[in-house]
Amino acid sequence: MQSLDTTNLLLGIMAAVSVLEAIALIAIGVAGWKAYARLMALVHDVEARHVVPTMHRVNTVLDDVKAVTATMREETARVDDAINRTLERVDGTARRVRSTVTARTSRVVGFLRGVRVAIETILSDSPARI
């Protein structure tokens, strides 16, 4: 019977250790849950005090950047349109000046060519045919 007493004693010790392990696991689980709850409360607090105001400021800055970008786009289009209109006016003026100068100089060039031909004819050695 001694053998059963020892076995029963060992089984009792093993059962007590198993109960202690179960209690330790439950305690670790409860402590983990409490730590998780504290951490989540801290995260929510940090988010409410720091992240939300920072995101509000960032969104405000982004809205300002968007407005400035839109204004710059409009101004760029306006300046581009003004430059194109100015270039068209300069091209038109250059065409008019060229045609005016060509018309006036063509008469002078024609007159000078006629004078040259007349001088060459007078100075030529061959008798003039009339």
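Before moving on, here are some points about what is shown:
- Tabulated pairs, the range 117-130, first part of a helix (DSSP H, G or I) and surrounded by 10 or more Cβ atoms within 10 Å (Cβ to Cβ), second modelled with pLDDT under 85 and not β-branched (V, I, T), C-beta under 9 angstrom, 6+ apart or interchain: T121/A128
- V65 being free of Cβ contacts under 8 Å to residues at least 40 places away in the same chain and either surrounded by 10 or more Cβ atoms within 10 Å (Cβ to Cβ) or touching a His at 6+ places or on another chain (Cβ under 8 Å) (or both): yes
- Extreme residue, nearest to the chain's Cα centre (by Cα), among residues of the range 114-130 that are of a type in the set (S, T, N, Q) and at pLDDT below 85: S124
- Candidate set: the range 79-113, residues that are at pLDDT 90 or above and of a type in the set (G, A, S); chosen: the one nearest to the chain's Cα centre (by Cα): A82
The values are calculated or read from the model by the stated rules, or taken from the named source; none is laboratory data. Predicted model, so just to flag it, every value in this text is computed and none were measured. For neighbour counting, all protein chains shown are included, and Cβ atoms are generated from backbone atoms with ideal geometry for every residue, glycine included.
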